[in-house]
There are 2 protein chains.
Amino acid sequence: MESAIPGHLTVERTRHRRVPDEYVPPYEAFVARTEPHVEQVVMAYLGLQLRDRAASDTEALLRLDAAFAATDGPGHHDRSMRDDPAGYTEIVSIAYWDDPATFDRWFAEHREGWIGDDLLDSHVGRWIEVIRPTVHEFETIFNVPDRPEGVAAITKEWSEPIQEHAYWGGMRDRIPLSQTDAMPGVGTPVVERDGRRVRVRPQQGLCLIRSGQDWADTEGEDRELYLNDVEPVLRAGMDFLRDEGRPIGCYANRYLTVLSDGRPSDRSFGMSWWRSLDALERWSESHPTHVAIFGAAMKYLTTMGPSARLRLYHEVSVVDADEQYFEYLNCHENTGLLGAVE
Amino acid sequence: MESAIPGHLTVERTRHRRVPDEYVPPYEAFVARTEPHVEQVVMAYLGLQLRDRAASDTEALLRLDAAFAATDGPGHHDRSMRDDPAGYTEIVSIAYWDDPATFDRWFAEHREGWIGDDLLDSHVGRWIEVIRPTVHEFETIFNVPDRPEGVAAITKEWSEPIQEHAYWGGMRDRIPLSQTDAMPGVGTPVVERDGRRVRVRPQQGLCLIRSGQDWADTEGEDRELYLNDVEPVLRAGMDFLRDEGRPIGCYANRYLTVLSDGRPSDRSFGMSWWRSLDALERWSESHPTHVAIFGAAMKYLTTMGPSARLRLYHEVSVVDADEQYFEYLNCHENTGLLGAVE
């Protein structure tokens, strides 16, 4: 067992962990390890918003794939989709870089093609939401350390079983910055409109979680339990955050199905923007919708024991105002962070 | 709203609360306020262990009542009972003092009558478990501030609605000592046998919780929900702690029904001894048995809303080794802390 915080990011603490040094978690979990030379990563969410799912803009996606494959492209990308309650379908491509300078060069080259003025009259909405957390500002967790998802796809190694998990506050304790910083959310995002193009002036301490599940390996009772007893409760929580999350500090939530060769796979994830890590902690710990999710997951894990084949992971970042970029073109009013503001 | 820690017990922090200063809990809760001159309280649990419930030792109880009513007696006492799985019935009288010197005088006068050598050949087991937390070392919480239970019966006032609740870690944050101390559990209790008399050499950082519910005012759906949906889940959790708690740091658990004029009332509580506050936190937050209790309570509260009439409270203490006293006479092997040790 080792700390979720690697040695080269360990500093003298001014803030304590929530558990004593002798704490031993009741089961194993793992984190993705970035290479020591990596100082900052980029997580870019590029969304296509379609009024009609059948009218998927294949050309836009092919063009984006070509951009990803070009010089300075991301170390990893994946794609997912969802239907939003405004009647749109969103196709979200998520790309990860382990060097902001590389991303900056890539974006300088490809921003125009993705969301430039040539597309002002398009019927398809486009958006890009980017954060660039330093390695001090994000954490990951996986229940099985062999199938990378999200940012773990650009890191090179897995940790040993880690200490800081299976208690409320573990998420915070896994973020290296928590050793010295409360990571508060300060202010609120401001939407700046320029016709059909909208940008969001970001907010200090904004928090992003991508939290996923992979039921591809489940069979029989394992699969039935997940699909019948866990997934509907998860979906209800996701819907709550999407539709009613704002008063509790959830600016936006998308519950997405991962696409594999363009088709829905047995993997999904929620991605949500929060006013602060605190707000995310409070919902997770005490809101009835997440207590229900936690209870359903607990019951599933207790019932299945070691034969459970469900894979779970998440990644959580808390970023400074200058580590955020939000731009929307031809999107409806409640898209992403646009829905966060009065 | 105010802090659960009163002004006169507030010190410069070396340890942070789990929530930011601007945290506002989603519902109200209250704590009992000791008078400023009170520095330390005494919580004494005096148990009668009967092999046969029908053979209740009325004389012993009357004699104890007389002792309570005598000079230097407690400011408050109550009585409760339970059947234990070894086939015994325990009648537990709980007394509270707000001055250890007064308790010491009382105990010097009445110890012999309760558990002295004259009783060595009795068929009735007797025990006394006492802690004397300073006002820095315990906390309380009530959902309704008008019906004192436990130690609140010897305090004189209620707080305003407090800030430190409705999140995991609130219990710790309400204990004044948490401002500067992690309150670890150190070592394990040691049982010292002397024939039928057994004492326990105590352990630094031992933790006691008394956590109760009062459903006397519930009617109709409110009552049915509590009795059918909440209580059985609570009981299962109490049974788990009693029978299987040791590996997770619960030394002993008793689930007791409060007696009113000698008869069972619509009030109950669990009292349990823990290796440390940490161990209690871990069970509360993540063990399936308490996650189930929390989920059931949450569902009850969500269903009933403001018309819920269930009253809930608890008191939690973390004490130094020299603030504990445990003595058992003619008791079975698993009585109280005796069951804590190999």
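What to note about this one:
- Measuring how big the protein assembly as shown is from its alpha-carbon positions, Rg and Dmax come out at 28.7, 99 Å.
- Charge dipole magnitude, Cβ of K and R +1, D and E -1 - segment A:101-250, Cα centre, debye nearest 20: 860
- Sparse packing (at most 12 other Cβ atoms within 10 Å of the Cβ) combined with a DSSP loop state is found for the following trypsin sites (Lys or Arg not before Pro) in segment A:13-47: A:13.
- Efficiency of FRET from Cβ geometry, residue A:157 and residue A:244, R₀ 35 Å, rounded to 0.05: 0.30
- Here, segment B:60-100 is characterised by an Rg to Rh ratio of 1.08, where Rg is the alpha-carbon radius of gyration and Rh the Kirkwood radius.
- Span from the segment B:98-142 Cα centroid across to the segment B:1-59 one, whole angstrom: 18
- With the convex hull of its Cα atoms as the shape, chain B has an orientation-averaged projected area of 16.7 nm².
- Mean residue ellipticity (222 nm) of chain B, computed from DSSP H runs ≥ 4 via -39,500 (n - 2.57), nearest 500: -7000 deg cm²/dmol
- Here the label points at residue A:69 and residue B:24, each 7 Å from Cα along the C-beta direction, are separated by 5.3 nm in the simple model.
- Teacher prompt: residue A:1 distances to equivalent labels in other copies, 7 Å Cα→Cβ, nm: 3.5
- Placing +1 on the Cβ of every Lys and Arg and -1 on the Cβ of every Asp and Glu, with nothing else charged, gives segment B:71-136 a dipole about its Cα centre of roughly 160 debye.
- Choice from B:141, B:248, B:154 with maximal GNM fluctuation in chain B (Cα, 10 Å cutoff): B:248
- Modelled spin-label separation between residue B:144 and residue B:84, with each label point placed 7 Å from Cα along the Cα-to-Cβ direction: 3.3 nm.
- Near the amide H of residue A:256, within less than 5 Å, lie the amide hydrogens of A:269, A:270, A:271, all on another chain or at least 5 residues away, with H placed in the peptide plane.
- Taking 0.36 nm per residue of separation and subtracting the current Cα-Cα distance, fully stretching the chain between residue A:35 and residue A:221 would add 63.0 nm.
- Spin-label model, residue B:1 to residue A:180: label points 7 Å out along the Cα-to-beta-carbon direction sit 3.0 nm apart.
- When the GluC sites (Glu not before Pro) in segment A:138-240 are filtered for DSSP coil states and for at most 12 other beta-carbon atoms within 10 Å of their beta-carbon, the remaining sites are A:219.
- Distance histogram for segment B:181-234 (every C-alpha pair counted, 5 angstrom bins, percent rounded to whole numbers): 4, 13, 14, 11, 8, 9, 11, 13, 11, 4, 1
- Other copies of residue B:229: label-to-label distances in nm, shortest first, labels 7 Å along the beta-carbon direction: 1.9
- Cβ-placed point charges (K, R +1; D, E -1), dipole of chain A about Cα centre in debye, nearest 20: 580
- At R0 = 60 Å, FRET efficiency that the Cβ-Cβ distance of residue A:188 and residue B:55 yields, to 0.05: 0.30
- Ascending list, in nanometres, of distances separating the residue B:101 label from those of the other copies (7 Å, Cα toward Cβ): 7.3
- Straight-distance candidates among the lysines for linking to residue A:299, with alpha-carbon spacing under 19 Å and chain neighbours fewer than 8 residues away dropped: B:299.
- Axial C-alpha extent at least 18 Å, average Kyte-Doolittle at least 0.0 - helices from chain B (DSSP): B:288-304
FYI, it's all coordinate maths here, none of it is from the lab. Please read these numbers as outputs of a predicted model, since none were measured by experiment. Every residue, glycine as well, gets a Cβ built from its backbone with ideal geometry; the counts of neighbours run over all protein chains shown.
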